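Here's the structure we're looking at; comments come further down.
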Amino acid sequence: MRLGRCGLCLQQKELQNSHLLPAALYRQFRDPSAWSNPNPVLVTNLRAFTSSQQLSSPFLCADCESRFSVNGENYVVIQCANRDGSFNLRELLQSASPLLEDKTNQIAIYDVHRLLGTKVDQYLYFSTSVFWRASAHRWKIGGERIGQISLGEQYQEQFRLYLLGQAAFPENARIYVHVSSETHIPLTVTTVPTTFRMGRAHRHKFCIPGVLFILFLGSEVSKTFDDLALNGSKQQIMWICQWQKDSLLRGILKRMQSAIPTGNLRKGKG
Ligand SMILES: [Zn+2]
């Protein structure tokens, strides 16, 4: 048992072995038939790791872990691309008529307000919880820091209060959701959050199989990025588009091909 201050509720509690990315994802995508390397691939800016077990550390109490599960993870993980070929979220979007469609560039934009109802909140909560976790804690694999982004002190605190249920969603944040249109999705790829600077705004991204989450953060974001966001003021949007055209994912697909796991990571323990 390890006592400490929980990163979310800030109370002295017994800390759990918390994960940066949902443990449920790893369980869902482990391939028991791949004896040499049963774990999914976790990709960072520099390398690909094949062991899932090490990106975890004592960080949150059991109550806060459960908050994350119930308010987002449990639902969202089941909706992403699965190794049995199902992809609930994409199937749901494709069952509706897009609000806008660009067939040449294979982009379709859906207003998900009616399709998803209150489930929209699960996507917002889930993605925010991952971005916040990456900013609020130092995650390490074998002593090397992985997946650290900075939301900035003020925004990090706003997100913490939102995730605790004590404040509304931060006003200066917009979440975009890009669902992969590709037939062959690299199912086992999950990325840790990364950050790009765009003028006055910051753009943070991470993906789970088939679903890319982008967080725009900054004082002008509520004007410039409102129209096509999941938490837009007028509509709630999700995209179906080609991941190949996304800078982050293009890089990942390349690294996947050249990645050679090193050291004990090769064993893919766990
Ligand atoms: Zn807590």
Inset, instruction - Starting from the Cα of N88, step 7 Å along the direction of its Cβ; do the same at D63; then give the gap between the two resulting points in nm. - result: 2.8
Inset, instruction - Would you mind getting me the FRET efficiency between A24 and Q106? Use the beta-carbon distance for r and R0 = 35 Å, nearest 0.05. - result: 0.70
Legend entry - Separation in nanometres of the label points that stand 7 Å from Cα toward Cβ, at N74 and Q242: 3.9
Inset, instruction - May I ask you to sort Y75, Y110 by Cβ crowding, counting other Cβ atoms within 10 Å and putting the fewest first? - result: Y75, Y110
Inset, instruction - Residues in the range 119-141, backbone N under 18 Å from the label point at L3 (7 Å along the Cα-to-beta-carbon vector): list them, ranges by number please. - result: none
Inset, instruction - Can you tell me how much longer the chain between D121 and L161 gets when fully stretched, taken as 0.36 nm per residue apart minus their C-alpha distance, in nm with one decimal? - result: 12.9 nm
Inset, instruction - Give a residue-ordered list of calculated ³J(HN,Hα) values for the range 155-170 (Karplus: 6.51 cos²θ - 1.76 cosθ + 1.60, θ = phi - 60°; whole Hz; x for Gly, Pro). - result: 5, 4, 5, 4, 5, 4, 5, 5, 5, 7, x, 10, 8, 6, 4, x
Inset, instruction - Assuming R0 = 35 Å, can you tell me the calculated FRET efficiency for the pair R138 and F169, based on Cβ-Cβ distance, to the nearest 0.05? - result: 0.85
Inset, instruction - Determine, for K13, K103, the number of other Cβ atoms within 10 Å of each Cβ, and report the residues in order from fewest to most. - result: K103, K13
Inset, instruction - Neighbouring Cβ atoms within 10 Å as the yardstick, rank H204, H184 fewest first. - result: H184, H204
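No value in this document is a laboratory result; all are computed from the given coordinates. Source: prediction; values computed, not measured. Cβ sites come from the backbone with ideal geometry, for glycine too, and all protein chains shown count toward neighbours.
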